[in-house]
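Report on the following structure.
Any read-out appearing in this document is the output of simple, stated calculations on the displayed coordinates, not a laboratory observation. Remember, it's a predicted structure, so these values are computed and weren't measured experimentally. Heads up, the Cβs are rebuilt from the backbone with ideal geometry, glycines too, and the neighbour counts pull from every protein chain shown.
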Amino acid sequence: MTLPVRSRVPPAASGIAGLLLAAGSGSRLGRPKALVELGGQSLAERGVALLRGGGADPIFVVTGAAELTLPDVTLVPNPDWRTGMGSSLRAGLAALQADSAAVVIALVDQPLIGPEVVRRLIAAFWDGARVAVACYSGQRRNPVLIGREHWAEAAAMAEGDSGAREFLRTRSDLVTLVECGDVGRADDLDTAADLKRITEMMSR
């Protein structure tokens, strides 16, 4: 099911945590993506602002290849970051507070996603969705929201570089798609060419 664009203001997002996966080394870029700056902000800072601006609180950031200093967030070191995104997702889910009803999971390397995307995922949760996935022109991407009752299952399926992908594929019956193509783009920043292209797009 794909939810239509909603114009109403979603309910207060108290108890919806934000989780930013920012542990990778950026091997194709030649440096950790979390430290890359765009518009005077690091990608890690932009990711935190995305989650916070969308209404998620508290915010957790999984770290690994780079040391990060970010105010008002909980840093979650992942000593196994070299094994891929799966270990970061497991570390992040394990660190979440028990009183959070759900978590919005974002990736540090998608800087063109706006806070309204997070707001729509949270609104979908309050409307009854237990797992919500942002999509862009019908294509499933990130961020994703997972209700607390599914955290253990998602963590158990998080292996290698797949993150939550296997959980979302296996439990497609739970997934509500939330169209967000009008308020963001899920372009990945993986290479120097990506950085140049995204920088140019943001300067227009």
If I model a spin label as a point 7 Å beyond the Cα along the Cα-Cβ vector, how far apart are those points for Ser172 and Arg82 in nm? 3.6
Within region 160-177, find all residues whose amide N lies under 19 Å from a label point positioned 7 Å from the Cα of Asp127 along Cα-to-beta-carbon. 173-177
Cβ-based exposure ranking for Cys180, Cys135, in which fewest neighbours within 10 Å come first: Cys135, Cys180
Expected sort for Met202, Met85 with the fewest Cβ neighbours (10 Å cutoff) up front is Met202, Met85
Taking 0.36 nm per residue of sequence separation and subtracting the Cα-Cα distance, how much length would be gained by fully extending the chain between Glu153 and Glu37, in nm to one decimal? 38.3 nm
Connecting C-alpha atoms closer than 10 Å in a GNM of the chain, tell me which of Glu149, Glu159, Glu116 has the biggest fluctuation. Glu149
What percent of all Cα-Cα pairs in region 14-202 falls into each 10 Å bin, going from 0 up to the bin containing the maximum distance? 10, 41, 39, 10, 0
Relative to the present Cα-Cα distance, how much length would full extension add between Leu75 and Arg197 at 0.36 nm per residue of separation? 40.9 nm
Given a cut-off of under 8 Å on Cα pairs at least six residues apart, what relative contact order in percent is computed for region 14-202? 24
A chain fully extended from Arg28 to Glu67 at 0.36 nm per residue, minus the present Cα-Cα distance, gains in nm 12.1 nm
Please report the antiparallel percentage of DSSP beta bridges with both residues in the chain, rounded to the nearest 5. 35
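Using helices alone, what [θ] at 222 nm do you get for the chain, with -39,500 (n - 2.57) per DSSP H run of 4 or more residues, divided over all residues and rounded to the nearest 500?
Values: 6 runs with 57 residues, N = 204.
So the calculated ellipticity at 222 nm is -8000 deg cm²/dmol.
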Please arrange Asp109, Asp173 by how many other C-beta atoms lie within 10 Å of their C-beta, fewest to most. Asp173, Asp109
